Amino acid sequence: MFEALNKVIDFLESVAMVAFMSIATIITTIQVVYRYGFNGSLFWAEEVVIYSIICMSFVGASMGVRHGVHISVDVLNAIVSPAINRWLHIIAAVLGIIFAGFMAYYGFDLYFNTLGRGQLTAALRLPMAWFYLPIGVSGILLILRYLWVIHEAWTKPPVTLAEELAAEKDKLV
């Protein structure tokens, strides 16, 4: 079940990242052409690009947990045994779940409060709540990803730092 859910989330995140990145790139290119080619501009372009980059950031946070590429301090990982290292990963994931839980709760709270007020964006005149929704959704995705990290740490045998570095070296080739 975890594997199937993980593949679905991977696919959805990849599609979302490509969509948001494409929107930001295409609209920025069009804006540059309008500004320098036709001496005009699109009044809404900057807002769309900013919101696309913000959405990419929240989707990217979940992808970062999945691929283990968030910034971390690995001093303890280098000096403790593989069994203790497993517990360090689990503790870090539990702390991540707590953070993501707050993010999801307050993100959805912000979404529903803003939706109730009817606040609109400056240029697009779209409901501002739509652009707060990725905060809560990202919190849910992060929780699922951290649960996956706990599952992997619990079910796979612990590895030594040398084995982990060798595996990382193979990924780079």
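Some values worked out for this structure:
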read-out	value
Of the criteria (1) at pLDDT 90 or above; (2) surrounded by 12 or more Cβ atoms within 10 Å (Cβ to Cβ); (3) of a type outside the set (D, E); (4) under 25 Å from the mean Cα position of the chain (by Cα), which one A153 fails	(1)
Residue check, I98 at negative phi and part of a loop (DSSP other than H, G, I, E, B)	no
Any pair with Cβ under 6 angstrom, 6 or more apart, that starts in segment 95-110 at a residue that is touching a residue at least 40 places away in the same chain (Cβ under 8 Å) and under 11 Å from S138 (Cβ atoms) and ends at one that is part of a helix (DSSP H, G or I) and among the β-branched types (V, I, T)	A100/I143
Residue list for segment 111-153, restricted to those being in a helix (DSSP H, G or I) and touching a strand residue (DSSP E or B) at 6+ places or on another chain (Cβ under 8 Å)	T114, L115
Number of the condition not met by F58 [criteria: (1) assigned to a helix (DSSP H, G or I); (2) modelled with pLDDT under 95; (3) of a type outside the set (D, E, K, R); (4) loosely packed, with under 12 Cβ neighbours inside 10 Å]	(4)
Selection from segment 11-28 of residues that are surrounded by 15 or more Cβ atoms within 10 Å (Cβ to Cβ) and under 17 Å from L144 (Cβ atoms)	E13, A16, M17
Within segment 78-95, tally of residues that are assigned to a helix (DSSP H, G or I), among the β-branched types (V, I, T) and surrounded by 11 or more Cβ atoms within 10 Å (Cβ to Cβ)	4
Search result, residues across segment 61-77 that are assigned to a helix (DSSP H, G or I) and over 18 Å from K156 (Cβ atoms)	A61, S62, M63, G64, V75, L76
Matching residues, segment 62-77, being in contact (Cβ under 8 Å) with a residue 60 or more places away in the chain and buried (at least 18 other Cβ atoms within 10 Å of the Cβ)	S62, V65, R66
Residue in segment 59-72 that is of a type in the set (S, T, Y), in contact with a Phe, Trp or Tyr (Cβ under 6 Å, 6 or more places away or on another chain) and under 23 Å from R145 (Cβ atoms) present	no
Residue that is nearest to the chain's Cα centre (by Cα) [pool: residues in segment 29-47 that are in a helix (DSSP H, G or I) and surrounded by 15 or more Cβ atoms within 10 Å (Cβ to Cβ)]	E47
Yes/no for G136 being farther than 30 Å from T28 by Cβ, within 17 Å of the chain's Cα centre (by Cα), of a type in the set (G, A, S) and surrounded by 15 or more Cβ atoms within 10 Å (Cβ to Cβ)	no
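The values are calculated or read from the model by the stated rules, or taken from the named source; none is laboratory data. For clarity, every value in this text was computed on a predicted model and none was experimentally measured. Glycine also receives a Cβ, built like all others from the backbone with ideal geometry; neighbour counts cover every protein chain displayed.
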